[in-house]
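Quick one: this structure, given as structure tokens, is what I'll be asking you about.
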Amino acid sequence: MADMKTEPDEEHWDLVVKPKSSLFTLNLAEVWAYKDLIMLMVKRDFTAIYKQTVLGPLWMFVQPLFTTAIYTFTFSTSAKLSTDGIPPILFYIMGQTFWNYFADCLNKTSGTFISNSAVFGKVYFPRLVMPFSVVISSLIKLGLQILLLMAFYLYYYFTTDQLHPQWTLALLPAYLLILGVFSLSLGILFSSFTTKYRDFTFLLTFAVQLLMFASCVVFPVSMYSEKVQNILMYNPVVSCMEAIKYSLTGHGLFSWYYLSFVLLVTFIFLIISVVIFNRTEKSFMDSV
């Protein structure tokens, strides 16, 4: 009887790592497959920040309170600057709450390649996992700080007649989406540049401080001339901050035109940033 030769079973792999075929490739399905790693990174962020501190997560409330007190004394009590008809304490804590979300996302995602180079060099996983985890952890922090904001908001709502919430408050998730995507785009763009030029690390620290004052966080748009207002509103942060203030208090500048414009620009900017990020990802280990 003739010997029967059987073909070996075809090997089956759970995961096949392939090079990106295009700079526009996001591999979001692959990022989703690593959702457990994302949540692990989110947990790590909270643990690393508040480890060996006395107050722990209470610092999320202490920081905006102290900053609000300083801004209220400096800009409202001493300088007598307008808060656009909003109680000064509420105006500044509102600005700090949403600005901190944007600034945290930007500052932390900007160090994606540098701060995680040791991990990237040892094991493969989608590099976008790191900036995505930062945005999620910052969003959780924002949710907790909104509770503090709402405590002040409800106090002034029931004790004064200065607050007139608008139906556009239902669009709050859209405002946060624009802020999150814009900060993510800027962050991964800077992270790509800093792999070769560390000067961008120092530039970003300086730029974020200037951007806060240029984004109407401590000054209302209404204090500027109409011409300057029209220029400032092209800044996605300004448009979102003003929309949030208007939605919560009835004071501020709300414009469908500017919101639509910054939404379009933000997602175009995201595509450009991802292209540069994907290009840098291929060779960044030779630079860091």
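The values are calculated or read from the model by the stated rules, or taken from the named source; none is laboratory data. These numbers come from a predicted model, not from an experiment. Positions of Cβ are backbone-derived with ideal geometry, glycine not excepted, and every protein chain shown enters the neighbour counts.
Check 239, 191 and return the single one that is polar (S, T, N, Q), at pLDDT 85 or above and under 17 Å from the mean Cα position of the chain (by Cα).
239
Is it the case that residue 76 is assigned to a loop (DSSP other than H, G, I, E, B) and either small (Gly, Ala, Ser) or farther than 14 Å from residue 217 by Cβ (or both)? Before you say what the answer is, go through the steps one by one.
Values: assigned to a loop (DSSP other than H, G, I, E, B): no; either small (Gly, Ala, Ser) or farther than 14 Å from residue 217 by Cβ (or both): yes.
No, not satisfied.
Can I ask one more? State all residues of the stretch 81-125 that are surrounded by fewer than 20 Cβ atoms within 10 Å (Cβ to Cβ), modelled with pLDDT under 75 and not hydrophobic (A, V, I, L, M, F, W, C); if no residue qualifies, say none.
115, 116, 117, 121, 122, 124
Based on this model, can you work out whether residue 192 counts as in contact with a Leu (Cβ under 8 Å, 6 or more places away or on another chain), buried (at least 20 other Cβ atoms within 10 Å of the Cβ) and either more than 17 Å from residue 99 (Cβ to Cβ) or hydroxyl-bearing (Ser, Thr, Tyr) (or both)? Spell out how you get there, then give the answer.
Numbers: in contact with a Leu (Cβ under 8 Å, 6 or more places away or on another chain): no; buried (at least 20 other Cβ atoms within 10 Å of the Cβ): yes; either more than 17 Å from residue 99 (Cβ to Cβ) or hydroxyl-bearing (Ser, Thr, Tyr) (or both): yes.
When the stated conditions are applied, residue 192 does not pass them.
Here's something else I'd like to know. Of 144, 186, 149, 139, which residue is within 30 Å of residue 36 (Cα to Cα), touching a residue at least 40 places away in the same chain (Cβ under 8 Å) and surrounded by 18 or more Cβ atoms within 10 Å (Cβ to Cβ)? Lay out the reasoning, then the answer.
On the way: 144 fails: surrounded by 18 or more Cβ atoms within 10 Å (Cβ to Cβ); 149 fails: within 30 Å of residue 36 (Cα to Cα); 139 fails: surrounded by 18 or more Cβ atoms within 10 Å (Cβ to Cβ).
Just one listed residue meets the conditions, 186.
Could you tell me which residue of the stretch 126-165 is modelled with the lowest pLDDT, considering only residues that are out of contact with any Ser or Thr (no Cβ under 8 Å at 6 or more places or on another chain) and of a type in the set (Val, Ile, Thr)?
Here the residue is 129.
If you don't mind, another one. Tally the residues that are of a type outside the set (A, V, I, L, M, F, W, C) and at pLDDT 80 or above, restricting the search to the stretch 194-225. Please lay out each step first, then the result.
Within the stretch 194-225, the first condition is being of a type outside the set (A, V, I, L, M, F, W, C), and the residues that meet it are 194-199, 201, 205, 209, 215, 220, 222, 224-225.
Remaining after also requiring at pLDDT 80 or above: 209, 215, 220, 222, 224-225.
Final tally of qualifying residues: 6.
When you go through 228, 238 one by one, which is the residue that is among the β-branched types (Val, Ile, Thr), touching a helix residue (DSSP H, G or I) at 6+ places or on another chain (Cβ under 6 Å) and at negative phi?
Exactly one residue qualifies, and that residue is 238.
Let me ask something else. Residue 186 - would you say it is closer than 19 Å to residue 94 by Cβ and aliphatic (A, V, I, L, M)?
So residue 186 fails the test.
Going by the conditions given, is residue 263 among the hydrophobic types (A, V, I, L, M, F, W, C), modelled with pLDDT of 90 or more, surrounded by 21 or more Cβ atoms within 10 Å (Cβ to Cβ) and within 15 Å of the chain's Cα centre (by Cα)?
no
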